[in-house]
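Note sheet for the following structure.
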Amino acid sequence: MTQETGPDLQALRHSASHIMAEAVQALFPGAKFGIGPTIESGFYYDFDLPRSLTQEDLAALEAKMAAAIAANLPFEHWTLPKEEARALFAGQPYKLELLAELPDERVSIYRQGAFTDLCRGPHVASTGQVRAFKLLSVAGAYWRGDEKRPMLQRIYGTAFPTGQELEDHLARLAEAERRDHRRLGQELELFSLHEEAGAGLVFWHPKGALVRHLIETFWKEEHLKRGYQLVYIPHISRAELWQKSGHLEFYKDSMYSPMEVDGQDYLIKPMNCPGHILIYKSRLRSYRELPLRWAELGTVYRYERSGVLHGLTRVRGFTQDDAHIFCRPDQLEAEVVGVLELARYMLQTFGFSEFQVLLSTRPEKYTGTLEVWETATAVLRRALERLGQPYEVDPGEGVFYGPKIDIKLQDALGRTWQGPTTQVDFNLPERFDVNYIGEDGREHRAVMVHRTVLGSLERFMGCLIEHYAGAFPLWLAPVQVALIPIADRHLDYARALAARLREAGLRVEVNEDKSRMQAKIREAQNQKIPFMLILGDSEVAASSITVRRRSGENLPGLTLESFLKLAQEDLAARR
């Protein structure tokens, strides 16, 4: 276990959540209490309160927590029969609901100071052991994640054994805030989300659409090099297709309600695989044609609760860099290896070098036989071992039709993001009777590989923004060069240079505002444009340029030709 998830730290943070709850009880005597668990980097507690909390309330709660910690109050533990516990928590409807669902006849109770809670623990011995803590934010949270239940107020906090560890964590949070793709997406005019159109639906602005275009173009070029072919499928199809594929049985809660067309129910696609299967089955296939690698940047729609939507990283409509490989069983391992090699190359090109690889095995709810699942899992395991790729087993996290390899990429702050996934599927070929004619002239069952090498483009874009803090490498920057004329008399020279740079393939903007040069430089830096060309009297007279990087570094003595050579080398290497 890492330090942040060890049992001692869990006990410390869970104790801090109870100390916070006691402080809330003191400020709001009529408060109703939900739950207060630990999470990966801290804790939270949900409250039903008479009014909305403010930042000033957090400061007041911290002061009361500090007083309780200074008092070094013991955490007392005992058990009670359920009936006595119901009397103890009379007037606390959320606790009574939880209590009703507990199977045991006796339940666990903890108390410190004036606060008593229904709780399994663990806790530290006394409040004085919680030395370094911080309340971070307030958010809305539906009771038990159900949008039909009451909206509660969730207070997030964190706690560490030492003040230095807390300071380091807060510094990481500040850096994460600086890199937040939601804020940068607005500041850099990359994308927006609009409640009037619907939650979780992304609107790409010209600059964001250009970055996405560059990613998609590179993706297509690399796939075509590796023998993939591009396909496109409709966004809706008849409900019977999803019944046959098993999605209605295993995935219904994530699918949008049907619409009636000509008296038949149609569904918006949550996946691309059934559509690719229909293309495969449009005619007989020979063993000589296999493997067939079909790729699509396919937009799908899946229902997500509003409480979990988050910028680009959790949306309701997104584009998968999807592909399906139809192959013979004897080709399967080599195809999985090829997918993993492509995924690694793609991620490294975008600047990611650290990964966590997980082999996800059969879930509780699945389709197909145990024998098929064992065969598919063994293929994935052999492919990883063939590449010498370290991995961890993630039990029960496969999809309903097959096991998978998940690759989680690590960003500049060391955080992990869901990225590529590779899934071996013997089950959909059975459901759809996906065959090929073998060398013996008979029909044989094909095997499918489902895979993405970036994940969803929306989530990947969010990760990319935060990884680079919005300062994209030159090849991905929507504007690569800002030309900054010092005065209006330098505009003609700036426009002429811009034309030459565009002819060389660079994306250029001329700042024609009447603001001062330093304001124009600051604007270009805020927009994270890689290069600025400062143009004044001396540059016009000498037909030269003064080059400045967005980092503030000046590159003296460059001619336009030498600058173009520098830029073209960066672009060719995708540095």
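Here, each number is a calculation from the coordinates, and none is a lab measurement. Every value quoted in this text rests on a predicted model; they were computed, and no experiment measured them. Every residue, glycine as well, gets a Cβ built from its backbone with ideal geometry; the counts of neighbours run over all protein chains shown.
Here are the numbers for the structure shown:
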read-out: Highest average packing first - 126-137, 206-217, Cβ atoms within 10 Å; value: 126-137, 206-217
read-out: Principal axis box of segment 88-150, alpha-carbon based, largest edge first, Å; value: 38, 34, 20
read-out: Per-residue ³J(HN,Hα) for segment 83-100, Karplus 6.51 cos²θ - 1.76 cosθ + 1.60, θ = phi - 60°, Hz, x for Gly and Pro; value: 4, 5, 5, 4, 5, 5, 9, 4, x, 10, x, 5, 5, 5, 5, 5, 4, 5
read-out: Cα pair distances exceeding 20 angstrom across segment 357-515, given as percent; value: 67
read-out: Protection proxy ranking of 294-306, 139-151 - average other beta-carbon atoms within 10 Å, highest first; value: 294-306, 139-151
read-out: Under the Karplus curve 6.51 cos²θ - 1.76 cosθ + 1.60, θ = phi - 60°, whole-Hz ³J(HN,Hα) for segment 124-140, x wherever Gly or Pro sits; value: 6, 5, 8, 4, x, 7, 8, 9, 10, 9, 7, 8, 9, 6, 10, 9, x
read-out: Ordering of 335-347, 169-181, 354-366 by packing [mean C-beta count within 10 Å, highest first]; value: 335-347, 354-366, 169-181
read-out: Gyration tensor over alpha-carbon atoms, segment 426-535, equivalent ellipsoid semi-axes in Å; value: 54, 17, 8
read-out: Compactness relative to 2.2 N^0.38 Å, alpha carbon Rg of segment 393-486; value: 1.70
read-out: Long-range HN-HN contacts of Thr38 with modeled amide H, under 5 Å; value: none
read-out: Rh by Kirkwood over Cα pairs, then Stokes-Einstein D for segment 419-460 at 1.306 mPa s and 10 °C, µm²/s; value: 131
read-out: Cα-based equivalent ellipsoid, segment 64-197: semi-axes from gyration tensor eigenvalues, Å; value: 36, 25, 11
read-out: Tail beyond 20 Å, pair distance distribution of segment 335-446 (Cα, percent); value: 47
read-out: Equivalent ellipsoid semi-axes - Cα gyration tensor, the chain, angstrom; value: 46, 40, 22
read-out: Cβ-based exposure ranking for Asp117, Asp48, Asp330, in which fewest neighbours within 10 Å come first; value: Asp330, Asp48, Asp117
read-out: Sequence-distant residues sharing a close amide H with Ser126 (under 5 Å, placed H); value: Phe75
read-out: Shape parameters for segment 498-550, alpha-carbon atoms, Rg then Dmax in Å; value: 11.4, 30
read-out: Estimated vicinal HN-Hα couplings, Hz - segment 418-431 in sequence order (Karplus 6.51, -1.76, 1.60; Gly, Pro = x); value: 5, x, x, 9, 10, 10, 9, 9, 9, 8, 4, x, 5, 4
read-out: Residue-averaged [θ]222 nm for the chain, counting only DSSP H segments that reach four residues, each worth -39500 (n - 2.57); value: -11500 deg cm²/dmol
read-out: P(r) of segment 198-467 over all Cα-Cα pairs, binned every 10 Å from zero, in whole percent; value: 6, 28, 38, 22, 5, 0
